[in-house]
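If you scroll down you'll find the structure; I have some questions about it.
The values are calculated or read from the model by the stated rules, or taken from the named source; none is laboratory data. Because the structure is a prediction, the values reported are computed rather than measured. Cβ placement follows ideal geometry from the backbone for every residue including glycine, while neighbour counts extend to all protein chains displayed. Accessible surface areas use protein heavy atoms only, side chains included; no ligands, DNA or RNA. Shrake-Rupley method; radii C 1.70, N 1.55, O 1.52, S 1.80 Å.
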Amino acid sequence: MKALILVDIQNDFCPLGALPVEEGNQVVPIANKLMEVFDLVVATQDWHPANHGSFAANHPWRKPGQVIDLNGLQQILWPIHCVQESFGAEFVQELNIAKVSKIFPKGTDPEVDSYSGFFDNGHRKATGLGDFLKEKEVKEVFIMGLAADYCVKFTVLDAIELGFEAYLIVDGTRGVNLNAGDVEKAIAEMQEKGAHLVQSAELLQQNAKN
Ligand code: VGL
Ligand code: ZN
């Protein structure tokens, strides 16, 4: 069984959002097309409480982009984004979420961030995504969404660690690029660690259902 994992395709990661990803909205039509050729689609949703420790605004005098120690882990500070129940946290309206079997919220604990769709950044708590996929006897996961250099990357790396055959859908992702070249670096790291790189067109041609 193959599964398509849509990572954080939310308003705040679109070009007009609070944590803008250049061309972030351009992954939406790709996701919609790919959903037609997968029997199983899941989505992750960055879903922070307002007091989340990753928000610069929750630390005196801190600014987005700075790095702090958050309960023993290095934490990049972000603008306030994807606050539970806010517009910014909603999936992009054009995304066809009717095809999504299950949504996995992440980043709900104010004390620890969660880039990966599988675990928090300390690898202490699971979101349930790994068990869900194993129950469905998924062996191969195809991952796309936002952002390439954070949540997509860590979702891919955890998928590999959990024993899934992991495919990064390269045209289905865009990155924050806090530093120039971050996306290329992230893709290189995913590939080094065992991820396969694919383009959405190849999957549409093959038709992943077969
Ligand atoms: C993300 C930074 C903070 C992401 C989420 O979805 O890549 N990045 N929260
Ligand atoms: Zn976040």
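Take the residues in segment 108-130 that are surrounded by fewer than 24 Cβ atoms within 10 Å (Cβ to Cβ) and within 14 Å of I5 (Cα to Cα), then tell me which one is farthest from ligand 2 (Cβ to nearest atom).
G130
Count, please, the residues in segment 9-56 that happen to be charged (D, E, K, R), within 15 Å of ligand 1 (Cβ to nearest atom) and out of contact with any His (no Cβ under 9 Å at 6 or more places or on another chain). I'd like the intermediate steps shown before the answer.
The first filter runs over segment 9-56 and keeps only residues charged (D, E, K, R), leaving 12, 22-23, 33, 36, 39, 46.
So of that shortlist, the ones also within 15 Å of ligand 1 (Cβ to nearest atom) come out as 12, 22-23, 46.
Going one step further and asking which of them are out of contact with any His (no Cβ under 9 Å at 6 or more places or on another chain), we end up with 22-23.
Within segment 9-56, residues that are charged (D, E, K, R), within 15 Å of ligand 1 (Cβ to nearest atom) and out of contact with any His (no Cβ under 9 Å at 6 or more places or on another chain) number 2.
I would also like to ask the following. Go through segment 7-40 and report how many residues are open to solvent by 60 Å² or more (accessible area, probe 1.4 Å) and either within 16 Å of ligand 2 (Cβ to nearest atom) or not in a loop (DSSP other than H, G, I, E, B) (or both).
Summing the residues that are open to solvent by 60 Å² or more (accessible area, probe 1.4 Å) and either within 16 Å of ligand 2 (Cβ to nearest atom) or not in a loop (DSSP other than H, G, I, E, B) (or both) in segment 7-40 gives 5.
Any residue at all in segment 89-102 that's within 16 Å of ligand 2 (Cβ to nearest atom), free of Cβ contacts under 8 Å to residues at least 40 places away in the same chain and open to solvent by less than 30 Å² (accessible area, probe 1.4 Å)?
For segment 89-102, residues within 16 Å of ligand 2 (Cβ to nearest atom), free of Cβ contacts under 8 Å to residues at least 40 places away in the same chain and open to solvent by less than 30 Å² (accessible area, probe 1.4 Å): absent.
Taking A43 and the conditions (1) more than 25 Å from R124 (Cα to Cα); (2) within 16 Å of ligand 2 (Cβ to nearest atom); (3) among the small types (G, A, S), which numbered condition does it fall short on, given that it satisfies the others?
(1)
Go through (1) within 14 Å of ligand 2 (Cβ to nearest atom); (2) more than 18 Å from the chain's Cα centre (by Cα); (3) more than 18 Å from N121 (Cα to Cα); (4) open to solvent by less than 70 Å² (accessible area, probe 1.4 Å) one by one and return the number of the condition A57 breaks.
(4)
Being modelled with pLDDT of 95 or more, surrounded by fewer than 24 Cβ atoms within 10 Å (Cβ to Cβ), on the phi > 0 side of the Ramachandran plot and part of a loop (DSSP other than H, G, I, E, B), is that true of even one residue in segment 133-145?
yes
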